[in-house]
1. V153 passes all but one of (1) modelled with pLDDT of 95 or more; (2) in a helix (DSSP H, G or I); which number fails?
2. Which of the helices (runs of 4 or more DSSP H) contained wholly in region 1-114 include at least 3 residues that are surrounded by 15 or more Cβ atoms within 10 Å (Cβ to Cβ)?
3. Restricting attention to region 312-322, does a residue exist that is over 23 Å from T197 (Cα atoms) and touching a helix residue (DSSP H, G or I) at 6+ places or on another chain (Cβ under 9 Å)?
4. Would you confirm, using the coordinates I've provided, whether S73 is of a type in the set (G, A, S), touching a residue at least 60 places away in the same chain (Cβ under 8 Å) and farther than 21 Å from N149 by Cβ?
5. Output yes when any residue across region 262-276 is over 21 Å from P201 (Cβ atoms) and modelled with pLDDT of 95 or more, and no when none is.
6. Filter region 188-206 for residues that are in a loop (DSSP other than H, G, I, E, B) and touching an Asp or Glu at 6+ places or on another chain (Cβ under 9 Å); which is farthest from V298 (Cα to Cα)?
7. Take region 253-271 and flag every residue that is in contact (Cβ under 8 Å) with a residue 12 or more places away in the chain and away from the ligand (no atom under 15 Å from the Cβ).
8. Suppose we filter S248, S306, S244, S288 for residues that are away from the ligand (no atom under 12 Å from the Cβ), crowded, with 21+ Cβ neighbours inside 10 Å, among the polar types (S, T, N, Q) and under 18 Å from Y34 (Cα atoms); which single one remains?
Amino acid sequence: MLMKNLIRKSKIYLALKKIKRNLSEKLSLVSVFYYDFKRFKLHYTTNALNKDDQKSLESWLLQDKHRIEKALSLPKPRYNFGEKVIERLIQNLNQYENNFCKNEVYYIAVGSIKAYVDFHKKNNVHILDTIQSHINRLNHEDFNNKICNTVGVVNYKKIEDTSDFFESFALSRQSCRNYDMEKNISREQLEKIMKITAKTPSVCNRQHWKLHVFEGEVMGEILKLQNGNLGFNKNIPYLGVITSDLRSFYMPDERTQPFTDGGMFAMSFIYALHSIGASSCALNWCTSKENNEKMYKVSGIEKNESIIMLIAFGYAKSDSKNACSPRLNLDNFYSINEDSTIV
Ligand SMILES: Cc1cc2nc3c(=O)[nH]c(=O)nc-3n(C[C@H](O)[C@H](O)[C@H](O)COP(=O)(O)O)c2cc1C
């Protein structure tokens, strides 16, 4: 016994213990990074685009149409810009029409070509023949679809200063952990909430996020996989699972973008809920590979979607109490260059 205690206190024993801890920490980091690497590699859309996958093709359409729309909003748009983008967009549109159908995404993409043509017409500039030959591969009757008119540029409209309203709105939001289980959210309300939420900015306007809503048994099973709902999981009427579709990403450099955009989408959803008088509590998805896999099984969410986070929501119980969660001094959250004009 004495010997055992002496060994336990010896420097070599302590050093070996530290090495073991370090190693196992590194191994588990490598193992989760590898898991994320495999998932991203399997589901993201490489340049060798799988044209049979509708979502992948749509992502390319939306991305290229955004390139055109964005260029038209620059201080001085160049004439005859983007030949390569236009060529690829029209090739993909032809492919899309052949493989799938002319739907909203199709006409939104066509709308960007229409905006391009209109821009040159308005400025009396001839479109280069090489570019025009690509454009001619589209059926110009498609330009008449009203969805096309929702694409292009609009004049900036100055809005009144609403910061006082937004300040009191934002400062009155609090996470809720005690909901009224009798009070439902209607389909109409959810649609209003989603209209606000979908206005969230996303990379190249790819809109790759999704909210999956769960209740009842399945919700209970999902909550068992999440580590921050102890003590209030029986008082949650609705559970949102926010995901990002990896097929909307094209480059290894975009590996963190699903989470950035997904987080912003989640915040919009939280504010939209608050705007109708409902409440929410963000729930982390800091979870193991095993739980992540179980989540797909239990929820039925497609594996090409990455789970970003969960959100409990509903109406707060009238006598519920919320944590005050004070914020630190604002100095902690920003810094300004020495030569800044903000004085
Ligand atoms: C991504 C994220 C994950 C969170 N996860 C949990 C969680 O698992 N359980 C929980 O009770 N609260 C969770 N929260 C809520 C935070 O505790 C809460 O937002 C924070 O304390 C600030 O309080 P407030 O939202 O009332 O301003 C989470 C918040 C975020 C943004």
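The values are calculated or read from the model by the stated rules, or taken from the named source; none is laboratory data. The shown structure was predicted, so the numbers you read here are calculated from the model rather than taken from an experiment. Every residue, glycine as well, gets a Cβ built from its backbone with ideal geometry; the counts of neighbours run over all protein chains shown.
1. Of the numbered conditions (1) modelled with pLDDT of 95 or more; (2) in a helix (DSSP H, G or I), the odd one out for V153 is (2).
2. On the way: elements: 2-9, 11-43, 54-72, 83-99.
Correct list: 11-43, 54-72, 83-99.
3. At the first step, the residues of region 312-322 found to be over 23 Å from T197 (Cα atoms) are 317-322.
Remaining after also requiring touching a helix residue (DSSP H, G or I) at 6+ places or on another chain (Cβ under 9 Å): 317, 320.
Taking every residue of region 312-322 in turn, at least one turns out to be over 23 Å from T197 (Cα atoms) and touching a helix residue (DSSP H, G or I) at 6+ places or on another chain (Cβ under 9 Å).
4. Values: of a type in the set (G, A, S): yes; touching a residue at least 60 places away in the same chain (Cβ under 8 Å): yes; farther than 21 Å from N149 by Cβ: no.
No, not satisfied.
5. The first filter runs over region 262-276 and keeps only residues over 21 Å from P201 (Cβ atoms), leaving 276.
Now narrow it down to the ones that are modelled with pLDDT of 95 or more: 276.
Yes: region 262-276 contains one or more residues that are over 21 Å from P201 (Cβ atoms) and modelled with pLDDT of 95 or more.
6. Pass one, region 188-206, residues in a loop (DSSP other than H, G, I, E, B): 198-202, 206.
Filter once more, keeping what is touching an Asp or Glu at 6+ places or on another chain (Cβ under 9 Å): 200-202, 206.
Working: T200: 28, P201: 30, S202: 28, R206: 27 Å.
Selected residue: P201.
7. Correct list: E254, R255, Q257.
8. Values: S248 fails: under 18 Å from Y34 (Cα atoms); S244 fails: under 18 Å from Y34 (Cα atoms); S288 fails: crowded, with 21+ Cβ neighbours inside 10 Å.
None of the other options fit; the residue is S306.
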